[in-house]
Amino acid sequence: EGMIAAMLAILDPGDEVIVFEPFYENYGPDSILTGSTPRYVTLHEPDWSIDPDELRRAVTPRTRGIVVNSPHNPTGKVFDRSELELIADLCREHDLVAFTDEIYEHILYAGEHIPLATLPGMAERTVAVNSMSKTYSVTGWRVGWVIASPELSAGIRKTHDFLTVGAAAPLQQAGAVALAFPDAYYAKLAEDYRVRRDTLVPALEAAGFRVFRPDGAYYVMTDITPLTRDDDVTFARRLILDPGVATVPGSSFYSRPELGRTKVRFAFPKRAETLAAAADRLLKLAPTPA
């Protein structure tokens, strides 16, 4: 909601928006709904790194914005300072607006969450989108916020008014209480998710997946080629039936589905007993015979 309101307010038909892939499925459609064209830049395995030259080539005279999601869904990547400085340099050089999705900022296991707006010259050209959903485990509330300069936020506020008017008042009041939680809450949140990650990742490795260990968020991207010759959709369907574990096909996170055909994404925002049961089931996986 915050992302589409910001894009509708800032982007014009004919503009282009840079989106790193794999990506959360809404970013591409959000930009298309504004009449803009998403230009995808691939994050490269195994650490989901940016190729600086590839990113620079993606910038054209029509480029107006860039979407940055850190910690990242679906990979768990945390963009480091050098990567953010590269993005900031391009934003300043080409007068781009950065749309930053920082919803997983408190779910961090390694590295540091650096808000892009804190880099020199970026406060006035960054739209930071965040929400209650992940940090406070209330995904159904649909309560969030957008932080931007007055020049950018004026249009966003007006656009949001015509989209949804506003979030339910009682949920906003509850959110204000949550935002006053002490630092200890956020430390425990990250540690609880670290325990969950460290339950799922070894089970996936033992089952034969090639695992891309996440540094943040609560997802694990995996490569299924050691286990099967099936594509991601076929394998995900088979996994639901036997051993009975749900996952998301990797192709759903790419503009070019072929880039994700050998991957599936797991999520671990579950009770400890649910993850333990999933780990036991995954260990029963056997590679498909050649």
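None of the figures in this text is laboratory data; all of them are computed from the coordinates on show. Quick caveat, the model's predicted, so the values are computed rather than measured. When we count neighbours, we look across all protein chains shown, and the Cβ atoms used for this are built from the backbone with ideal geometry, even at glycine.
Numbers for the structure displayed
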read-out: Nearest-0.05 FRET efficiency for residue 154 and residue 60, computed from C-beta distance (R0 25 Å); value: 0.35
read-out: Fully extended contour minus Cα-Cα distance, from residue 190 to residue 113, at 0.36 nm per residue; value: 26.5 nm
read-out: Highest-MSF residue in the chain out of 203, 128, 272 [GNM, Cα springs under 10 Å]; value: 272
read-out: Candidate aspartates and glutamates - alpha carbon under 19 Å from residue 158, same-chain residues fewer than 8 apart omitted; value: 1, 12, 30, 124
read-out: Partners for residue 284 among aspartates and glutamates (Cα-Cα distance below 17 Å; same-chain residues under 8 apart left out); value: 205, 242
read-out: Residue-averaged 222 nm ellipticity for the chain, from DSSP H runs of 4+ at -39500 (n - 2.57), nearest 500; value: -11500 deg cm²/dmol
read-out: Mean Cα-pair separation over length for the stretch 183-282, i.e. relative contact order, pairs under 8 Å, 6 or more apart, %; value: 30
read-out: The stretch 94-222: antiparallel DSSP beta bridges as a percent of all, rounded to 5; value: 65
read-out: Percent of beta bridges antiparallel (DSSP, the chain, rounded to nearest 5); value: 45
read-out: Dimensions (Å) - the chain, Cα atoms, principal axes, largest first; value: 58, 45, 33
read-out: Sorted by Cβ neighbour density within 10 Å, fewest at the top, the residues 274, 75; value: 274, 75
read-out: Sequence of 196, 265, 92 once ranked by neighbouring C-beta atoms within 10 Å, starting from the fewest; value: 92, 196, 265
read-out: Residue 280 versus residue 237: modelled label distance in nm, points set 7 Å from Cα along the beta carbon direction; value: 2.9
read-out: Residues 32, 66, sorted so that the one with the fewest Cβ neighbours within 10 Å comes first; value: 32, 66
read-out: Calculated from backbone phi, Karplus (6.51, -1.76, 1.60) coupling profile of the stretch 106-115 in Hz, x at Gly/Pro; value: 9, 9, 9, 10, 8, x, 9, 7, 10, x
